[in-house]
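> Structure provided below as structure tokens; questions to follow.
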Amino acid sequence: MASMFTCCFGCCGEGGSGHIPLKEMPTVQLDTHHMGTDVVIVKSGRRICGTGGCLANAPLHQNKSYFEFKIQSTGVWGIGVATQKVNLNQVPLGRDTNSLVLRHDGSVYHNNEEKNRLPANSLPQEGDVIGITYDHVEMNLYLNGKHMHCPASGIRGTVYPVVYVDDSAILDCQFSDFYHTAPQGFEKILFEQQIF
């Protein structure tokens, strides 16, 4: 009987052979390999300041993604989705087919065309949280948890969350642990290996 316990504990004990350590899943954050020249990323890849844009490090592979941005300091900024072909040194984004963004003035731009606009009394201010849903067809916006009914579409290909700043704007990104509950059916961004 004692030998049975010894075998059991010996096999399961301290790092015995046959144990494969689990690979830690990467964290979705701003990607310092895909950012403008004059961009500064701090707070463990969650805060952007300086001048220019930055993509997140995870593409939107799943069907319904949700993420948030909090305005820490106002200025010129934009948030949305973009392909890796976007020029992150040229702000504002939304001037070509590679980005679809909400700009600080409430306009939503893609391919240098205004696709939609937030209601005039709903312009984001310092301290506000803007939520974004994307379902591979349409991007929708939420201001402090309230649906803005301001859909926009048109971008094609593999897209990533994108943010740009200028003129002293500072924005924080939330890719999990959201300020507001994600809309029904939408969830945080998953890395491709998490989907399967």
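The values are calculated or read from the model by the stated rules, or taken from the named source; none is laboratory data. Given the structure is predicted, the values throughout are model-derived calculations rather than measurements. Quick reminder, even Gly has a Cβ in these numbers, built from the backbone with ideal geometry, and neighbours come from all protein chains shown. Calculation scope for accessible area: heavy atoms of the full protein, side chains included, ligands and nucleic acids excluded. Shrake-Rupley method; radii C 1.70, N 1.55, O 1.52, S 1.80 Å.
> With respect to Gly157, determine if the residue is open to solvent by 40 Å² or more (accessible area, probe 1.4 Å), over 20 Å from Val101 (Cβ atoms), part of a loop (DSSP other than H, G, I, E, B) and small (Gly, Ala, Ser).
no
> If a residue counts only when it is open to solvent by 70 Å² or more (accessible area, probe 1.4 Å) and free of Cβ contacts under 8 Å to residues at least 40 places away in the same chain, which strands (runs of 3 or more DSSP E) contained entirely in region 33-142 have at least 2 such residues?
Ranges flagged: 113-117.
> Sticking with this one: Taking the criterion of being over 26 Å from Gly185 (Cβ atoms) and of a type in the set (S, T, N, Q), would at least one residue in region 61-71 satisfy it?
no
> Give the residues of region 143-154 that are not in a loop (DSSP other than H, G, I, E, B) and not charged (D, E, K, R), sorted by residue number.
Correct list: Leu143, His147, Ala152, Ser153.
> Residues being farther than 23 Å from Gln84 by Cα and either open to solvent by less than 70 Å² (accessible area, probe 1.4 Å) or at pLDDT 95 or above (or both): count how many of those fall in region 187-196.
Selection size over region 187-196: 0.
> Has region 162-169 got at least one residue that is among the charged types (D, E, K, R), surrounded by fewer than 16 Cβ atoms within 10 Å (Cβ to Cβ), within 24 Å of His34 (Cα to Cα) and touching a residue at least 24 places away in the same chain (Cβ under 8 Å)?
yes
> Additional query: Looking at (1) within 25 Å of Glu192 (Cα to Cα); (2) modelled with pLDDT of 95 or more, which is the one condition that is false for Tyr109?
(1) is the only condition that Tyr109 fails.
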